[in-house]
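See below for the structure under consideration.
The values are calculated or read from the model by the stated rules, or taken from the named source; none is laboratory data. Model, not experiment: these values are computed from the prediction. Virtual Cβ from ideal backbone geometry, glycine too; neighbours counted across all protein chains shown.
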Amino acid sequence: MTLRLVSVRHMSSPFRLTQDTAFPARGPLSSRAVEDSEPVEPKLSPWREARSRLLTVRQAPHEGVPLSNATAAAFAAVMFAALYASHHVGDHVVQSSAVAAAKSVPHPDALAAGVPPWTGWGACLRHVAGYAATQAAALALVCVVVPLEIVGMATALVVSASTHAVIDRRWIVHRLIELKRCHDWAEAPYVLDQSLHMGAMLVAAVLSVAVNDVAGLIMVLAGAGAVVGAALTMERRFASACTRSMDSLSR
C-alpha cells in the first residue's frame, strides 16, 4: 500500500487552513473572553468595607433617605466616645487649678455680703473655651476614619459646651447634695458633677445624629442660649435669697 502525501494548501476542503486562520490563545481564557469579562474589583478588608458602607449610607440624608437605626446608633456611639475621651482631657489636663477654683458661683456667705452673683463667669468661659477646643480636636481626629458631618459635630459641641458651663457653676451640684442629703459623702461634689456631664454628652451625641441641617443647628443654638439665660436667672435669684436670709438673721 502506497501512502500519498497531499499538501494542505491545495486541499479543496472547507476546513482548509491558511495563513490568516486565527488560533485560540492557549490558557484558561482567550483574548476575546478576557475582553468580554467584567472588571474584577479588588476585595476590601472587613474594616474598609464597613467604612465604605458608612460613607454611602451617610450621604443618604442629603438625598431624602433617612439613616437606618443601626447606622444612626453607630454614629451616636462614635460621637459619644469622642466626647467622653476629650472630656477627660479638657476637664482634667487642660484646665488649670486657678480656673477650677474661680469658675463656680460665689459662696452663699459671699453673696450675702454683696458679691455679684455672676462672679466667676469669666473663668468659667475660659475653661469652656479650652474644653470645647479639645473636643473639637477629638472630633476632627475621628473624622479620619468616620465620616462625621459638620452640622452634627457643631451640634454636639454647642450642647456640650453650654451645658458644661452651667454645670461647672456648681450650684446645681450643691442643690443635688441638699436634696440627696449626702453632705457626709466626701466625693459627692466631684461624682455628681461628672455624672451630670456624662448625661449632657449623651444628649449631645444623640442630637448630633438627629440634627442634619442648618435650621436644626440654629434651633440648638437658641436652646443653648435659653439654658445659659435660665442659669443666669437662677443664680441671681439664689443671690437674692442669700441676701434675704442674711438680713433676717441679722434682725
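Would you mind telling me which numbered condition in (1) modelled with pLDDT under 95; (2) assigned to a helix (DSSP H, G or I); (3) of a type in the set (A, V, I, L, M, F, W, C) A205 fails?
Exception for A205: condition (1).
Tell me, please, whether a residue that is β-branched (V, I, T), surrounded by 12 or more Cβ atoms within 10 Å (Cβ to Cβ) and more than 22 Å from H92 (Cβ to Cβ) can be found in the range 188-207.
Within the range 188-207, one or more residues are β-branched (V, I, T), surrounded by 12 or more Cβ atoms within 10 Å (Cβ to Cβ) and more than 22 Å from H92 (Cβ to Cβ).
Among the numbered conditions (1) in contact (Cβ under 8 Å) with a residue 40 or more places away in the chain; (2) surrounded by 12 or more Cβ atoms within 10 Å (Cβ to Cβ), tell me where A241 comes up short.
Of everything listed in (1) in contact (Cβ under 8 Å) with a residue 40 or more places away in the chain; (2) surrounded by 12 or more Cβ atoms within 10 Å (Cβ to Cβ), A241 misses just condition (1).
Of these, A230, A224, which one is at pLDDT 95 or above, buried (at least 17 other Cβ atoms within 10 Å of the Cβ) and not acidic (D, E)?
It is A224.
Taking V128, is it in contact with a Ser or Thr (Cβ under 8 Å, 6 or more places away or on another chain) and modelled with pLDDT of 95 or more?
no
Give me the pairs, please: first residue somewhere in the range 212-232 and closer than 21 Å to P117 by Cα, second residue anywhere and among the polar types (S, T, N, Q) and buried (at least 16 other Cβ atoms within 10 Å of the Cβ), beta-carbon distance under 6 Å, and either six or more positions apart or on two chains.
That search, which allows pairs on different chains as well, returns A224/S162; V227/S162; V228/S162.
I'd like to verify a number: residues in the range 97-120 that are at positive phi and loosely packed, with under 13 Cβ neighbours inside 10 Å, how many?
Result for the range 97-120: 1.
Condition test on L176, is it surrounded by fewer than 17 Cβ atoms within 10 Å (Cβ to Cβ) and part of a helix (DSSP H, G or I)?
Taking the combined requirement at face value, the residue satisfies it.
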